[in-house]
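Computed from the coordinates by the stated procedures, all read-outs in this text should not be read as laboratory data. What you see is a predicted model; the values in this text were computed from it and never measured. Glycine gets a Cβ as well: all are built from the backbone with ideal geometry, and neighbour counts include every protein chain shown.
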Amino acid sequence: MRRTPPAPSRGNLNANAGTIFQLSDQEGATTDTATTSVTAARFWQQFASGIRLGLLIALASIGLSLIYGTTGLSSFSHGEQVTLGGLLAYVFANQLGWNIWLAGIVTVLLCAASGYLQDAGIWKPLRKRRISLTQLMIVTIGLSIAAQYAFQYFFGASTVRIQQGNPETVTFAGITLTVQSYVAMGIALVVLIGTGLFLAKTRFGRATRAVSDNPALAAASGIDVDRVIRFVWTLAAGLAGLSGVMLGLVLNGVNWQTGLQLLLLMFASVTLGGLGTAYGALVGSMIIGIVVELTNLVLPGDFKYATALVILILILLFRPQGIFGRAERIG
């Protein structure tokens, strides 16, 4: 029986188009990466991808954890700070033609400024009015939805690329990653170590941890709690913006839903490590990143992200305080 050849795929210059290519072996049977046997090479490749994902999630998760620790608020709009970072980097590096390093630095500064303005214009006035945490959480959900549609309005629903050139790959110890991945992992590691040293060694860092442990006692000790919270919002937004830039380069694209897709992973990381603890968020992010990528060995496509939901449920069932969290008596 004669087989009809597939229709040719056509596209326009400087335009993005999706095409599905069917792969077949010599017998004509289609193959799928999800059903391929698990080998040592695939395992280590996915393990390295998990470390990369964990480091980039940790950049955003630490800020999310610090916000919860100092204010008690779970910010559902934190994912949009990640999206903002990626889209601003796209504007500066792609549309305006800036050097990628300059574009990244300016993006992080603008994202940090957005966190400062958020606290000054929204969160501090609401705290002064003693709005409950539930109401504040609803505000973050509304802010998240508003930001998503604003991104979609200005940038469209398609995925945009920060750098147009095809990324170069480097193979090291049998693991192949793009140059952008190695650079992003190095930057993330340096920033995370610097953030940890800042929180542990500096006076303002110790004040931040004091407010996170007991805001009332910190205020009685002479610490300006509002100033610390303002700094935490600024730092968290800056780190989330940096995460967005790195993810945009590593994934070779960013869209209006990038942060939303990562929000579940961030919450799972923070819950796993212990709510309100920066070090717990780092450890939780690494575990979530590795487990999610290793799951891709047996589950196809984006089904791997469902693993984060399973981990989150198990944590809440068996150890709700997380790895580094402390059990507290309520009531």
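Build a GNM of the chain with springs between Cα atoms under 10 Å: which of G241, G222, G54 gets the top mean-square fluctuation? Its mean-square fluctuation being the largest, the pick is G222. The stretch between W101 and I141 holds 11.2 nm of extra length on full extension. This uses 0.36 nm per residue minus the Cα-Cα distance.
How long is the gain from A306 to Y279 if the chain were fully straight, where each residue apart is worth 0.36 nm and the alpha carbon distance is subtracted? Let's see the in-between values first.
Values: separation 27, 0.36 × 27 = 9.72 nm, distance 2.42 nm.
Length difference between fully extended and current span is 7.3 nm.
Label separation (Y116 vs Q321): 3.8 nm, computed from points 7 Å beyond Cα along the C-beta direction. Take every Cα pair under 8 Å whose residues are at least 6 apart in sequence, average their separation, divide by the length of the chain, and the relative contact order is 34 percent. Between Q180, Q321, Q135, find the one with the highest GNM mean-square fluctuation for the chain; connect C-alpha pairs within less than 10 Å. In this elastic network of the chain, the residue with the biggest mean-square fluctuation among Q180, Q321, Q135 is Q135. Legend: P(r) of region 163-296 from all alpha carbon pair distances, 10 Å bins from 0, whole percents, reading 10, 34, 33, 16, 6, 1.
Quick check on the chain: helices-only [θ] at 222 nm, where DSSP H runs of length 4 and up contribute -39,500 (n - 2.57) each and the sum goes over total residues. Nearest 500, please.
On the way: 12 runs with 204 residues, N = 331.
Computed ellipticity for the chain at 222 nm equals -20500 deg cm²/dmol.
Relative to its residue count, region 143-234 spans a Cα convex hull of 175 Å³ per residue. In this simple spin-label approximation, V190 and F204 carry label points 7 Å from Cα along the Cα→Cβ vector, and these lie 2.0 nm apart. For the chain, with only Lys/Arg (+1) and Asp/Glu (-1) charged at the beta-carbon, what is the dipole magnitude about the Cα centre, in debye rounded to 20? About 760 debye.
Per-residue extension of 0.36 nm, minus the Cα-Cα distance of K128 and A220, leaves a gain of 31.3 nm for this segment. Roughly what % of Cα-Cα distances in region 56-149 sit above 23 Å, to the whole percent? Roughly 30 percent, rounded to a whole number.
Relative to one another, the C-alpha centroids of region 216-264 and region 68-139 are positioned 6 Å apart.
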